[in-house]
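Novice: Got a structure here, written out as structure tokens. Questions coming.
The values are calculated or read from the model by the stated rules, or taken from the named source; none is laboratory data. Treat the numbers as computed from the prediction; the structure is a model and nothing was measured. With ideal geometry, Cβ positions are generated from the backbone for all residues, glycine too; neighbour counts draw on all protein chains shown.
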Amino acid sequence: MEGLDHLEHLDKHLVDELAQVARETVREELREQTRKQRRTAMLYAASGAVALYAGAALALTVGLALAIGLPDWAAALITAAILGVVAYVLRGAARPSASRPTPEREAELAAMQGDPAGGRASGIPAVPPVPPVAPGAGLPGPGGGVPGPGAGAPLPGSAAPGSGTAEPAPRPEGVDPEQPHHRA
């Protein structure tokens, strides 16, 4: 039995040594990756600073070129307006694409609503479905004891409770249900 105790001690020593080697290897690998990422970040920061100075020099050049034919204040105003437009365009480009619907995303939204045009082609927003019976109508208990006028009556075009069939809603001829309705 003493031989097994000796082997158990060796196994434990071997496991500890392997864990130490694995920790050192992982630590060294992380140091190497951090060193590379730090160098890359410094290069990006330096290129950004140089680009800032280049942009300032370009803005100055545009202002001075405009000042040849215009008063100084007008040249400075035009240069500021150009820089404002460039900043606005860059801000728009930096926004996540999820906030700007793409044609694929619009088609997906339209398919989810069941309207091939998504309700946007005619300018009409999608309307949620109306329940065939007023909520809480005819229910026993609090809030449903005394139904109001017309409560529990099925809407035109819906099935009467328990009948299983629906009669079509009356529609005036020549009226498109998709078009907006305006009251005079």
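Novice: Run A65 past the list (1) exposed (fewer than 10 other Cβ atoms within 10 Å of the Cβ); (2) modelled with pLDDT of 85 or more and report the number of the one that doesn't hold.
Specialist: Of the numbered conditions (1) exposed (fewer than 10 other Cβ atoms within 10 Å of the Cβ); (2) modelled with pLDDT of 85 or more, the odd one out for A65 is (1).
Novice: Oh, and also: Against the condition surrounded by 10 or more Cβ atoms within 10 Å (Cβ to Cβ), among the small types (G, A, S) and closer than 30 Å to P128 by Cβ, how does A111 come out, does it pass? I'd like the intermediate steps shown before the answer.
Specialist: Working: surrounded by 10 or more Cβ atoms within 10 Å (Cβ to Cβ): yes; among the small types (G, A, S): yes; closer than 30 Å to P128 by Cβ: yes.
For A111, the condition - surrounded by 10 or more Cβ atoms within 10 Å (Cβ to Cβ), among the small types (G, A, S) and closer than 30 Å to P128 by Cβ - is met.
Residues checked against (1) exposed (fewer than 10 other Cβ atoms within 10 Å of the Cβ); (2) over 37 Å from the mean Cα position of the chain (by Cα); (3) at pLDDT 85 or above:
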{"residue": "M1", "(1), (2), (3)": "yes, yes, no"}
{"residue": "D5", "(1), (2), (3)": "yes, yes, no"}
{"residue": "A19", "(1), (2), (3)": "no, yes, yes"}
{"residue": "T34", "(1), (2), (3)": "no, no, yes"}
{"residue": "A41", "(1), (2), (3)": "no, no, yes"}
{"residue": "S47", "(1), (2), (3)": "no, no, yes"}
